[in-house]
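The values are calculated or read from the model by the stated rules, or taken from the named source; none is laboratory data. What you see is a predicted model; the values in this text were computed from it and never measured. Here Cβ is always computed from backbone atoms with ideal geometry, including for glycine, and neighbour counts include all displayed protein chains. What goes into the accessible areas is simple: the full protein's heavy atoms, side chains included, and nothing from ligands, DNA or RNA. Shrake-Rupley method; radii C 1.70, N 1.55, O 1.52, S 1.80 Å.
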Amino acid sequence: MSRPRTASTTNSDAYRAYIAGRAAIRARTASAAARAIADYHRAIVLDSSFAPAYAGLAHAYNVAADWGWDLPGVTYDSLGPLATRAARRAIALDSLNSETWLGAAMGARSDNPELALDYNRRAVRLDAANIEALHQLAWGYYGTGELDSAIAIEQRVPSRDPYFAYAYAGAAEFLSIAGRPLEALAWASQGLSIDSGFAALYRRAADADLHLGRWAAGRAAATRAVELGDVPAPNRALVAIASLEAGDTARARAALDSLGRMLRAKLQRSPSGLSRTDAGYLAGAYAQLGQTDSAIAWVGRVAPWQRRFHAARFLRHWMYDPLRSDPRFQALVAEVR
């Protein structure tokens, strides 16, 4: 096993800015990502040869693209190229650092998930104690369709760092996609017992609750996720699904149409498509409502690289079950595989 390298700067202020960025991005909210990006930029201004700061930028930009966050002064379509540029700069400066290969993996996901997985493996080989690298290795396997490997690796992360909350959320998401909602809910609940303020865990709990027919619990969890700063669109979609329990299809349809209008405005600023977090959840909610044409249309509005990286979700998640036999849905998934 290779020996891990320390962060490559002698500028203490640059290093502090970099550490602040790493701490911020762990919160997994749009405001936290904006702070992380500002911190990484500050580190680069202080030391323009500080490779891990560029890697941090690549990481933050990719997570923002994947989650569909709106960042000040940055369009959604530019997030992928920004991540790639930062990742290449990091590798050019230091190809022997785990953090730089983690950044390279994040930068490669939009173009080549298989290459990204290779970079993820390099990051872990260089520093087996890098928790974020191990967590992202799980997502690397997920992005190549190896869901069982993703689950196994993500479930190892808390044994290394029991307070890394997103590992619980990641495991819960993978398990939901795999059709194992009881296990997904257990992982989300375990994460919430450690960090009750981590917004994404409530969305994962809501997803599992709704799959299990726990409508009130699902609605409450999705509402709490938004209160804590999680991405609004997927949680609004989940709340609309919860409305179906009482047969209130008119209310659910009105809520989804309102969300669709909001996302169409966002789509005008992002002609290549939206994230699976935005358009993908809306498509799943329309599918559950029985509005197949609207569901198919919104699957088509997910950016192609997002459909490719998240193919396992579209192929296996319960939300899309009503679309499985539709040739249009099959074609949209097949075209990016």
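For VAL302, the residues whose modelled amide H falls within less than 5 Å of its own, excluding neighbours fewer than 5 places apart on the same chain, are LEU274. Rounded to whole Å, the principal axis extents of the Cα atoms in region 138-284 read 45, 36, 26, largest first. Here the spin labels are modelled as points 7 Å beyond Cα on the Cα-Cβ line, and at ARG324 and ASP257 they lie 3.1 nm apart. In the chain, a dipole from Cβ-located charges (positive for Lys and Arg, negative for Asp and Glu) runs towards its positive end, and of GLY179, ALA205, ALA105 it is ALA105 whose Cα lies farthest in that direction. Take region 24-156, drop everything but the C-alpha atoms, weight them equally and run the Debye formula without solvent; then report log10 I(q)/I(0) at 0.11, 0.12, 0.13 Å⁻¹ to two decimals. Taking Cα atoms of region 24-156 as identical point scatterers yields -0.34, -0.40, -0.48. For the chain, find the longest principal axis of its Cα atoms and tell me its angle to the long axis of helix 98-108, 0 to 90°, nearest 10. Between the helix axis and the principal axis of the chain, the angle is about 40 degrees.
Where nothing but the Cβ of Lys and Arg (+1) and of Asp and Glu (-1) is charged, how large is the charge dipole of region 202-273 around its Cα centre, in debye to the nearest 20? Please report the intermediate quantities before stating the final value.
Values: 12 positive and 7 negative charges, 58 e Å.
My answer is approximately 280 debye.
In whole percent, and with a 1.4 Å probe on the protein chains, what portion of the accessible area of region 124-223 is carbon and sulfur? Carbon with sulfur: 53 percent of the solvent-accessible area. Our estimate of slack between ARG88 and ARG16, defined as 0.36 nm per intervening residue step minus the Cα-Cα distance, is 23.6 nm.
Rg to Rh for the chain: what is it, with Cα atoms only and Rh by Kirkwood? Could the numbers behind the result be given before it?
Details: Rg = 19.3 Å, Rh = 19.9 Å.
In the chain, Rg relative to Rh is 0.97.
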